[in-house]
Amino acid sequence: MSSTAERTDVLVIGSGFGGAIAAYHLAAGGAKVTVLERGPWLESNDFEHDYKLGSSYTRAFDFVVGNGMSILGGNCVGGGSVVYFAAMPRAPRFVFDRQGSIGRRMWPGAVSRDTLDPWYDRVEESLSIAKQDWKDVSYAGGLWAAACNHSGRTANPLAVAIDNTKCVNCNWMMAGCRFEAKQSLLVNYLPAAIAHGAEIRPLHEVQHISRTSDGDYQVHYNVIHDEDYRLQAGSGVIEAKIVVMAAGAGATPVILQRSEPHLGTMPRAVGRYFSGNGERLNTAIIDEEKAAELFGLDRGDGLAYAANQIGKGPTVASWDKLDGSLPEYSRYSLEQLYFPPGLGTILAQVPDATGASWFGKEKKEILKKWTSWLTIFSMIEDDNEGVFGPPPATGNAHRISQQMLGRGNLTYEPTKNTLGAWDASDAEVKEILEKDGLAKVMPWTNDLVGAYTVHPLSSCRMGDDPHTSALDDRNELRDHPGIFVTDGSAVPGALTVNPAMTIAALAERAIPGIVQAAQAKGIAVTYGAPAPDGSRSGRKKVLPLLPTLTRA
Amino acid sequence: MTLEAYADTIVPGQKRSPEDRAIAGVSTGGGAVQAGALELLEWDATGIHDGLDDLARLVNEHAEVYAGEQGLTLDPSVPPFVALEYPDRVALILRLTKPGHPEKDFWVMLSLFCNMSFDSAAHLHTAQALADGHPGLAAMGLSHPDADGLWRFKDFGYGREFARLHPDTTSSGSPA
């Protein structure tokens, strides 16, 4: 063991849901916690409404183009919670019985909707998640609900972590919430972790992990330039007894791959079974006159809709296909979504195009109708087809632009199951929105940057079978005791709904095991912190579960 | 001139003058060129600024090959890609960006930034770009922010119930 390296008890890699939740509980329990976050530390007043490269917007997230799949992820203190849309539904019951590509139940036997519900409750309390009312629904959500109803379907205002008394419906959620309406981790778990002594170091990108002679870990990092992420401003090493990996499903397996020469063989499933949560986007161009005629829509100023720019991400989803009696790959949700210009507009295709569909003369004509666009987000059951190739020299991708854009080594070749599910969901979106001439619809093209996910999952997943899961059912990396993975990479497969709630609940569930492992290594830490605001009802429900989550 | 022609193929605009060769002139109003595509591409923040000369050379080589295949005679007074008619420029970009093309990544990235110059003015502060009448943001109908540069929408929804809830919904709004 080096005598010069810095030391901490618990080193957390990443500060999104998986990292922040672990950092809070372990710091509150008495451990010395250090968090390394590759992105900058932006606070509410730093969040600009500005698409210019180099503004807080492009500093806060990361777009990595792979082979057949591109990932949009968070890159800042607070991780994905800063750039997410705060939709927080629980996963449907059938999800936990999915078999996916392995032909048998992919989730650990210990995890089901029933066993996860108390942990969902904890997250619900911690982030003030609430069911929205129709009065909270944006114009876009209202239009989607009206269209669903018109075609004989139901529609649900989403459960969200948003304080609607503060929300101004600016639709800049992907740039961080300037108004502190969105319940990102910057306003709950992270300040609570800091209050208990956790130290957060932004712009620290982990390169690899090695082992000390006495079974602890050394975490090697580079310091990233605060504006141009292509540049490095130093490097260092921290020793820790426990490592919690939460760098995101696009980065956690890459760090582990790069660590293999130092740590020894990784479980087979590290960097395999990646899922894009089955995501896909359709762009509808609404006929304004039809919207008024069919549904009586009126914004009070002569406009029926023309409100693409207004709102707060997704507000309404259709759940009619979330039916557990249906066969796998035929279940999905359809959610109204806002996607800002710049990040995907190029992938929207012209319905009935006679020439090029994603660029050119006809594309420009639909860009002129941008305010009448309605974006629908499909989340199907995919086949965990993604595999990460050899890791890049640093980070999780070869960085191209000063921020935002990189080229990664993820390969994703959709199977017939995935392609069929996408086709079915596309067809239903078309059926709903083209009924009686309301709109013209086309899915985004996959030909340019592959499929596109904002919810990467499963690249280092939990399970019971060592062959197909990198983690045991308590999130510990197989054969590497003391390394835990608590981010989206631990989730075994696509969820058919937005995954932040499930990632957070699984992270909450992993904490008792991490505390026990820390205690076994001599760290003076206990389990039992309340919610970040001091609320205790969630804790009451989970304390009886501890014997099922700690090793005998 | 070659890169202007490429940008104009991605988001076409109207000619700046009757003599304008780079812009094909198949659309009215400003396109990617007027939106500042070259300014964005040449900014080192994009990471492709160093390779622009190579991309221009390559697309001209591809244009010559394409013209040969199609039996087209190109005007030698302008670069080969510029000499192509708009439908041929489109056809060549479709070929270069098709899955499996060995240079696809480069052409997709070039196209992406050309589009971004129009749809988000990624080289300009958004509020200022809007105030200055940026052709892309104006064409798309983006509204102007409040005086402090932030957007707020007081009226944001219809405020009424539009559909039945799914019968299996929990009290907190999740699938049961």
Criterion first (surrounded by 24 or more Cβ atoms within 10 Å (Cβ to Cβ), over 23 Å from the mean Cα position of the chain (by Cα) and away from every other protein chain (no Cβ under 14 Å)) does A:VAL485 satisfy it? no
Residues that are at pLDDT below 95 and either within 24 Å of the chain's Cα centre (by Cα) or more than 26 Å from A:GLY538 (Cα to Cα) (or both), drawn from segment A:128-158: A:SER128, A:ILE129, A:ALA130, A:LYS131, A:GLN132
Of the residues A:GLU293, A:GLU288, which is under 30 Å from B:ARG160 (Cα atoms) and free of Cβ contacts under 8 Å to residues at least 40 places away in the same chain? A:GLU293
For A:SER325: the one exception among (1) surrounded by fewer than 20 Cβ atoms within 10 Å (Cβ to Cβ); (2) in contact with a Phe, Trp or Tyr (Cβ under 6 Å, 6 or more places away or on another chain): (2)
Tell me the strands (runs of 3 or more DSSP E) entirely within segment A:191-307 that contain at least 2 residues that are in contact with a Lys or Arg (Cβ under 9 Å, 6 or more places away or on another chain). A:204-211, A:217-224, A:232-245, A:279-286
Residue satisfying all of: in segment A:161-182; facing chain B (nearest Cβ under 8 Å) and touching a residue at least 60 places away in the same chain (Cβ under 8 Å); surrounded by the fewest Cβ atoms within 10 Å (Cβ to Cβ) among these: A:ARG178
Scanning segment A:324-348 residue by residue, the ones that are within 12 Å of another protein chain (Cβ to nearest Cβ) and without any contact (Cβ under 8 Å) to a residue 40 or more places away in the chain total 2
Selection count where residues are surrounded by 24 or more Cβ atoms within 10 Å (Cβ to Cβ) and farther than 23 Å from A:HIS25 by Cα, scope segment A:108-132: 0
So, in segment A:133-152, of the ones that are more than 7 Å from chain B (Cβ to nearest Cβ) and not in a helix (DSSP H, G or I), which residue ends up surrounded by the fewest Cβ atoms within 10 Å (Cβ to Cβ)? A:GLY152
Residues A:ILE376, A:ILE346: which one is within 22 Å of A:GLY450 (Cβ to Cβ), in a helix (DSSP H, G or I) and among the β-branched types (Val, Ile, Thr)? A:ILE346
Candidates A:VAL95, A:VAL83, A:VAL137, filtered to the one that is more than 21 Å from A:TRP319 (Cα to Cα) and in contact (Cβ under 8 Å) with a residue 40 or more places away in the chain: A:VAL83
Residues of segment B:70-101 being outside any loop (DSSP other than H, G, I, E, B) and closer than 16 Å to B:ALA22 by Cβ, in sequence order, are B:PRO80, B:PHE81, B:VAL82, B:ALA83, B:TYR86, B:ASP88, B:ARG89, B:VAL90, B:LEU92, B:ILE93
Condition met for A:LEU116 (touching a Pro at 6+ places or on another chain (Cβ under 8 Å) and more than 30 Å from A:LEU203 (Cβ to Cβ)): no
Checking A:PRO351 against (1) surrounded by fewer than 22 Cβ atoms within 10 Å (Cβ to Cβ); (2) more than 10 Å from every other protein chain (Cβ to nearest Cβ); (3) in contact with a helix residue (DSSP H, G or I) (Cβ under 7 Å, 6 or more places away or on another chain), which single condition isn't satisfied? (3)
Kindly state which helices (runs of 4 or more DSSP H) lie completely within segment A:1-114 and contain at least 2 residues that are over 22 Å from A:ALA504 (Cβ atoms), under 20 Å from the mean Cα position of the chain (by Cα) and polar (S, T, N, Q). A:56-59
Number of positions in segment A:115-132 that are facing chain B (nearest Cβ under 9 Å), touching a Ser or Thr at 6+ places or on another chain (Cβ under 7 Å) and within 18 Å of A:LEU506 (Cα to Cα): 2
Please find, among A:LYS416, A:LYS369, the residue that is among the charged types (D, E, K, R) and either surrounded by 21 or more Cβ atoms within 10 Å (Cβ to Cβ) or away from chain B (no Cβ under 11 Å) (or both). A:LYS416
A:ILE102: touching a His at 6+ places or on another chain (Cβ under 9 Å) and within 30 Å of A:LEU549 (Cβ to Cβ), yes or no? yes
The lone exception for A:ARG90 - which of (1) surrounded by 23 or more Cβ atoms within 10 Å (Cβ to Cβ); (2) more than 14 Å from chain B (Cβ to nearest Cβ) it fails: (2)
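To keep it simple, each residue is scored yes or no on (1) surrounded by fewer than 23 Cβ atoms within 10 Å (Cβ to Cβ); (2) out of contact with any His (no Cβ under 7 Å at 6 or more places or on another chain); (3) within 14 Å of another protein chain (Cβ to nearest Cβ); (4) hydroxyl-bearing (Ser, Thr, Tyr).
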site: A:TYR217; (1), (2), (3), (4): yes, yes, no, yes
site: A:ASN222; (1), (2), (3), (4): yes, yes, no, no
site: A:HIS225; (1), (2), (3), (4): yes, yes, yes, no
site: A:ASP228; (1), (2), (3), (4): yes, yes, yes, no
site: A:LEU231; (1), (2), (3), (4): yes, no, yes, no
site: A:GLY234; (1), (2), (3), (4): yes, yes, no, no
site: A:VAL237; (1), (2), (3), (4): yes, no, no, no
site: A:ILE242; (1), (2), (3), (4): no, yes, no, no
site: A:ALA246; (1), (2), (3), (4): no, yes, no, no
Based on what the data block shows, is A:GLY408 surrounded by 24 or more Cβ atoms within 10 Å (Cβ to Cβ), under 23 Å from B:MET116 (Cα atoms), among the small types (Gly, Ala, Ser) and in contact (Cβ under 8 Å) with a residue 24 or more places away in the chain? yes
Quick check, is A:ASN446 touching a strand residue (DSSP E or B) at 6+ places or on another chain (Cβ under 9 Å), closer than 28 Å to A:ALA86 by Cα and away from chain B (no Cβ under 14 Å)? no
Which numbered condition A:GLY73 misses (of (1) closer than 27 Å to A:HIS25 by Cα; (2) touching a residue at least 24 places away in the same chain (Cβ under 8 Å); (3) within 14 Å of chain B (Cβ to nearest Cβ)): (3)
Which of the following residues is at pLDDT 95 or above and out of contact with any Lys or Arg (no Cβ under 9 Å at 6 or more places or on another chain): A:LEU334, A:LEU322, A:LEU326, A:LEU343? A:LEU326
Within segment B:70-101, track down each residue that is more than 8 Å from chain A (Cβ to nearest Cβ), without any contact (Cβ under 8 Å) to a residue 40 or more places away in the chain and among the charged types (D, E, K, R). B:ASP75, B:ASP88, B:ARG95
Considering every residue within segment A:263-280, establish whether at least one is at the interface with chain B (Cβ under 10 Å from one of its Cβ atoms) and touching a Ser or Thr at 6+ places or on another chain (Cβ under 8 Å). no
For A:ALA348, state whether it is within 29 Å of A:ALA161 (Cα to Cα) and over 27 Å from the mean Cα position of the chain (by Cα). no
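The values are calculated or read from the model by the stated rules, or taken from the named source; none is laboratory data. No experiment lies behind these values; they were computed from the predicted model shown. Neighbour counts run over all protein chains shown; Cβ positions are idealised from the backbone, glycine included.
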